[in-house]
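Only one structure is covered here, and it is reproduced in the block below.
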Amino acid sequence: MALVYTEEHEMLREAAKGFLQEKSPVTEFRSLRDNQDPLGFSRKLWQEMAEMGWAGILIEEQYGGLDFGFTGAALILEEMGRTLCASPFLSSSVIAATALRFGSEETKANWLSKIASGEAVIALALEEGVKHDPVATSMTAEKSGNGYRLNGSKSYVFDGMAADGFLVLARSSGEAGQADGLSLFMVDSKVSGLSSTATKLLDSRNYAALVFDNVEVSGGDLIGSVGAGLTMLEPALNAGRIGLAAEMLGCSDQCFESTTEYLKERKQFGQIIGSFQGLQHRSAHLYSELELVRSAVIKAGQDFEKNPEHSGMIASLAKAKSGEVGILAANEAVQMLGGIGMTDELDAGLYMKRIRAAQELLGDYAFHANRFAKWRGF
Amino acid sequence: MSDLQAFQEKTRSWLEENCPKSMRKPMRNEFDACWGGRDCEFSSEDQKLWLQRMGAKGWTAPEWPKEYGGGGLDKEQAKILKTELAKIKARPALLSFGVWMLGPALLKFGSEEQKKQFLPPIVRGEIRWCQGYSEPGAGSDLASLQTKCEDKGDHYLINGQKVWTSYADKSDWIFCLVRTNREAKKHLGISFILFDMASDGVSTKPITLISGKSPFCETFFDDVKVPKEQLVGTLDRGWDIAKYLLTHEREMIGGSSDGSMGGRSIGEVAVLALGANENGELADSALRSKIATAELDGWAFLLTMERSKDEAKAGHGIGAKSSMLKYYGTELNKRRFELLMASKGLSALEWEGEASNDGQLPRQWLRTKGNSIEGGTSEVQLNIISKRILGLPDPKAN
Ligand SMILES: Cc1cc2nc3c(=O)[nH]c(=O)nc-3n(C[C@H](O)[C@H](O)[C@H](O)COP(=O)(O)OP(=O)(O)OC[C@H]3O[C@@H](n4cnc5c(N)ncnc54)[C@H](O)[C@@H]3O)c2cc1C
């Protein structure tokens with residue numbers, strides 16, 4: 001398959017770009033932040049996105065989705081990255097929608113159409129430590145009657161404060177560090193024994209810390225088979241990783257473009273600073289790196305669309321590379337803007353903070369490079 | 001079955017029948033590479049056979065039109081051929097500046113007679129070409145070249161000197177940049193001309209490189225007579241051709257390595273040389289993470305090469321983007337060879353002897369240092385990206 005977008009994709013991109021630039025320019029993000037919005041996104045805007053079909057872009061038509069394919073979802077995220085648009089799209093419509101494909105008919109019927117309509121937001125309750133590490137999961141799921149009893153805690157759950165339900169990875173057997181023995185559950189946020197508190201991070205989005213105190217779930221809430229939760233979750237994790245990579249590509253592109261514009265305006269020593277070769281070469285290097293990220297993101301989207309079960313390696317490439325280059329893009333933006341780049345008034349800092357969070361979520365460079373190296377046999 | 005599937009089947013069975021077994025192993029040294037030419041010394045009968053068969057089919061230049069000896073394949077078919085060749089680990093039948101550089105330029109700028117005369121022997125590997133661009137005073141600032149070409153009525157007369165001419169002493173013909181107008185601005189007085197290296201007045205002197213090899217030469221022209229029909233394109237407007245050819249050269253240099261050695265990835269080479277821990281991971285974890293970075297970059301770069309080809313319309317160059325590919329690919333290749341050297345430790349330093357295949361690795365490592373110089377240095381590529389792609393203003397002289 002050629003590594004270019006189809007006409008259909010380009011149309012979606014144009015539509016997304018137009019919508020986001022009008023309804024959700026960076027100033028919107030700024031005002032959510034300045035008003036300390038508890039969710040960090042606008043419910044009203046999310047509803048509008050759902051009406052356009054975005055919320056169900058990966059969901060089958062029988063549940064009210066568009067079933068448009070993953071590349072489209074990645075394109076939307078890329079455009080969201082450009083304007084720093086915050087929404088539960090990644091959590092609910094990309095990660096949860098992918099994971100729930102393996103759910104029981106009942107779970108699907110309960111949740112998928114609500115995700116597609118934007119009525120429900122679902123977040124991924126996975127991390128327990130400070131680095132992404134699914135196998136380290138120690139939260140317990142004990143058999144209890146026909147269902148399970150969950151005990152433990154989860155942290156840094158993105159969109160957790162907005163969630164109506166959680167995808168929860170818990171240990172039904174074995175011990176922390178083992179990939180086997182993990183099970184995946186779909187848990188309603190209103191269930192008794194579950195409490196949440198907000199965690200404020202630098203990117204001003206909503207994150208939750210969850211405590212599960214004897215939370216009872218039914219057997220039907222189990223996704224896939226018991227003990228195989230990580231296998232069930234892996235495609236969803238990879239969808240999230242590629243999604244974050246696409247979002248970071250959008251962030252980095254935007255940072256780079258505005259910096260390049262500034263280089264063509266600002267004068268020092270009687271010259272446009274963009275004529276200084278020291279800055280030119282760094283810009284040209286960053287341009288080249290961004291081209292590599294773009295290739296990886298396109299390929300990852302295409303491969304995931306074709307074969308979600310076998311997209312771990314390409315997802316790792318996209319996530320690692322876009323995080324690494326994202327950090328470079330943000331750092332170079334601030335440096336080349338000079339003093340003004342350090343001010344809150346300019347957007348560079350906002351991009352820097354979002355990229356910092358996005359590159360850490362679902363595995364940073366080292367996590368993915370390590371995974372990649374193992375696959376490659378060294 | 002779709003047309004492409006049918007093509008794939010046919011290609012596969014043709015290769016199965018026609019690619020000699022000994023040509024399906026990674027190249028061990030430079031003698032395994034076949035550059036063709038009048039005085040080509042084939043290292044084996046199989047090597048000769050492989051070139052003859054591929055040449056006859058036009059598959060040494062798969063996308064060139066059939067009427068000029070090429071394979072006449074479209075982009076999709078060419079991709080299939082490439083994949084099928086890779087599957088059986090086939091060695092390239094021919095390495096050729098004619099195929100990589102001159103051909104595309106002739107297809108775009110050459111006259112019908114020139115295409116008919118020069119392209120088919122390139123495809124068959126009968127004529128080997130070298131590139132006469134650089135001069136002692138004209139490297140990065142190529143357009144300041146001074147080799148003189150005068151109109152003598154029924155022929156041109158060429159005097160001057162080129163330098164760093166790769167394989168000048170082994171080549172049959174040269175494509176050469178010469179100054180035909182001293183009054184015009186420097187870019188507007190250059191012509192692109194072809195001539196036989198066996199012409200009277202041409203001489204070459206090999207230069208030894210840091211790798212101990214001497215693949216390139218100083219090349220001298222002393223009253224060399226060249227028939228007028230061997231000038232390509234318009235008089236004084238050779239710079240456009242030169243630049244177009246460079247975009248092909250740059251793309252080729254950028255993508256010339258896939259970062260493997262003898263069919264093994266750097267990671268595999270390192271594990272073999274240094275051992276793994278109980279998890280099967282390279283024991284030296286600092287080296288391991290550097291290799292992982294290089295391999296991730298290598299993969300993203302390969303995808304970028306592929307994407308550039310997909311974006312470029314068939315038959316056209318990719319313009320200034322070739323500078324990005326050249327810059328990134330060559331810097332990456334240098335990084336990879338640093339890692340290969342580190343992976344093999346002290347044994348990587350062996351310069352002679354059978355064990356090291358006469359120092360194949362360190363010599364290759366040294367050779368890669370030239371990748372970011374030949375075809376325009378990394379700094380020059382970054383200048384081009386800044387100006388042509390990012391639209392940044394020219395640096396002012398201070
Ligand atoms: C292995 C190899 C094979 C080659 N084969 C051929 C061949 O077949 N035919 C042929 O014609 N030539 C060939 N060349 C020559 C090659 O194209 C030149 O060496 C190259 O263009 C650089 O020119 P130079 O050596 O004069 O270096 P210079 O131009 O003198 O450069 C010296 C340094 O100054 C830097 N520099 C120069 N200008 C700028 C600028 N504007 N901004 C920033 N930095 C700058 C360069 O990047 C470099 O670091 C070959 C070279 C090598 C190494």
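The values are calculated or read from the model by the stated rules, or taken from the named source; none is laboratory data. The model shown is predicted, which means the values in this text are computed figures rather than measured ones. Using ideal geometry, Cβ is built from the backbone for each residue, glycine included, and neighbour counts are taken over all protein chains shown. The accessibility values were calculated without ligands, DNA or RNA, using every heavy atom of the protein model including side chains. Shrake-Rupley method; radii C 1.70, N 1.55, O 1.52, S 1.80 Å.
Applying the criterion of being within 10 Å of the ligand (Cβ to nearest atom) and over 19 Å from B:Val226 (Cα atoms) to the residues of the range B:166-178, the residue that is most open to solvent (accessible area, probe 1.4 Å) is B:Tyr167.
Condition check for B:Ser140 on (1) farther than 13 Å from B:Phe221 by Cβ; (2) touching a Lys or Arg at 6+ places or on another chain (Cβ under 6 Å): one failure, at (2).
Mind counting the residues in the range B:346-398 that are assigned to a helix (DSSP H, G or I), more than 13 Å from the ligand (Cβ to nearest atom) and either out of contact with any helix residue (DSSP H, G or I) (no Cβ under 6 Å at 6 or more places or on another chain) or open to solvent by less than 60 Å² (accessible area, probe 1.4 Å) (or both)?
To start, the set of residues in the range B:346-398 that are assigned to a helix (DSSP H, G or I) comprises B:346-349, B:360-368, B:378-389.
So of that shortlist, the ones also more than 13 Å from the ligand (Cβ to nearest atom) come out as B:346-349, B:360-362, B:365, B:388-389.
Now narrow it down to the ones that are either out of contact with any helix residue (DSSP H, G or I) (no Cβ under 6 Å at 6 or more places or on another chain) or open to solvent by less than 60 Å² (accessible area, probe 1.4 Å) (or both): B:346-349, B:360-362, B:388-389.
Residues in the range B:346-398 being assigned to a helix (DSSP H, G or I), more than 13 Å from the ligand (Cβ to nearest atom) and either out of contact with any helix residue (DSSP H, G or I) (no Cβ under 6 Å at 6 or more places or on another chain) or open to solvent by less than 60 Å² (accessible area, probe 1.4 Å) (or both): 9 in total.
Checked against (1) under 17 Å from A:Ile242 (Cα atoms); (2) open to solvent by less than 10 Å² (accessible area, probe 1.4 Å); (3) not charged (D, E, K, R), A:Met49 meets all criteria but (1).
Within the range A:172-191, the set of residues being over 24 Å from the mean Cα position of the chain (by Cα) and closer than 18 Å to A:Gly219 by Cβ comprises A:Ser172, A:Ser173, A:Gly181, A:Val191.
Within the range B:141-165, if we keep just the residues that are within 11 Å of the ligand (Cβ to nearest atom) and more than 28 Å from B:Ile122 (Cα to Cα), the residue that is surrounded by the fewest Cβ atoms within 10 Å (Cβ to Cβ) turns out to be B:Asp141.
When the range A:153-179 is filtered for residues that are surrounded by fewer than 19 Cβ atoms within 10 Å (Cβ to Cβ) and either in contact (Cβ under 8 Å) with a residue 60 or more places away in the chain or not in a strand (DSSP E or B) (or both), the ones remaining, listed by number, are A:Asp164, A:Ser173, A:Gly174, A:Glu175, A:Ala176, A:Gly177, A:Gln178, A:Ala179.
Applying the selection to the range B:153-166, what residues are more than 18 Å from B:Gly376 (Cα to Cα) and in contact (Cβ under 8 Å) with a residue 60 or more places away in the chain? Let's see the steps before the verdict.
Quick first cut of the range B:153-166, residues more than 18 Å from B:Gly376 (Cα to Cα) only: B:153-161.
Once the filter is applied, which keeps residues that are more than 18 Å from B:Gly376 (Cα to Cα) and in contact (Cβ under 8 Å) with a residue 60 or more places away in the chain, the range B:153-166 yields B:Asp154, B:His155, B:Tyr156, B:Leu157, B:Ile158, B:Asn159, B:Gly160, B:Gln161.
Taking the criterion of being assigned to a helix (DSSP H, G or I), in contact (Cβ under 8 Å) with a residue 40 or more places away in the chain and among the acidic types (Asp, Glu), the residues of the range A:53-90 that qualify are A:Glu78, A:Glu79. Number of residues in the range B:180-206 that are open to solvent by less than 20 Å² (accessible area, probe 1.4 Å) and within 15 Å of B:Arg237 (Cβ to Cβ) equals 5. Regarding B:Arg335, is this residue assigned to a helix (DSSP H, G or I), more than 23 Å from B:Ser134 (Cβ to Cβ) and either within 14 Å of the ligand (Cβ to nearest atom) or assigned by TED's automatic domain parsing to the domain that holds B:Val271 (or both)? For B:Arg335, the condition - assigned to a helix (DSSP H, G or I), more than 23 Å from B:Ser134 (Cβ to Cβ) and either within 14 Å of the ligand (Cβ to nearest atom) or assigned by TED's automatic domain parsing to the domain that holds B:Val271 (or both) - is met.
Within the range B:308-330, is there a residue that is at the interface with chain A (Cβ under 7 Å from one of its Cβ atoms), open to solvent by 30 Å² or more (accessible area, probe 1.4 Å), touching a Ser or Thr at 6+ places or on another chain (Cβ under 8 Å) and modelled with pLDDT under 95? Looking for residues that are at the interface with chain A (Cβ under 7 Å from one of its Cβ atoms), open to solvent by 30 Å² or more (accessible area, probe 1.4 Å), touching a Ser or Thr at 6+ places or on another chain (Cβ under 8 Å) and modelled with pLDDT under 95, one finds none in the range B:308-330, hence no.
Meeting the requirement of 2 or more residues that are closer than 30 Å to B:Ile318 by Cβ, the strands (runs of 3 or more DSSP E) wholly within the range B:160-257 are B:173-179, B:190-196, B:216-227. Within the range B:333-386, the set of residues being among the charged types (D, E, K, R) and touching a Ser or Thr at 6+ places or on another chain (Cβ under 6 Å) comprises B:Lys334, B:Glu350, B:Arg363, B:Arg367.
In the range B:97-110, the residues that are open to solvent by less than 10 Å² (accessible area, probe 1.4 Å) reach residues that are of a type in the set (D, E, K, R) with C-beta atoms within less than 6 angstrom, at least six apart or across chains, in these pairs: B:Met101/B:Glu249; B:Leu106/B:Lys115.
Count, please, the residues in the range A:265-284 that happen to be in contact with a Leu (Cβ under 8 Å, 6 or more places away or on another chain) and more than 7 Å from every other protein chain (Cβ to nearest Cβ). Total meeting the criteria: 2.
Between A:Arg13, A:Arg101, A:Arg43, which is more than 30 Å from A:Phe185 (Cα to Cα) and either among the hydroxyl-bearing types (Ser, Thr, Tyr) or out of contact with any Ser or Thr (no Cβ under 6 Å at 6 or more places or on another chain) (or both)? Write out each step before concluding.
On the way: A:Arg101 fails: more than 30 Å from A:Phe185 (Cα to Cα); A:Arg43 fails: more than 30 Å from A:Phe185 (Cα to Cα).
Among A:Arg13, A:Arg101, A:Arg43, only A:Arg13 is more than 30 Å from A:Phe185 (Cα to Cα) and either among the hydroxyl-bearing types (Ser, Thr, Tyr) or out of contact with any Ser or Thr (no Cβ under 6 Å at 6 or more places or on another chain) (or both).
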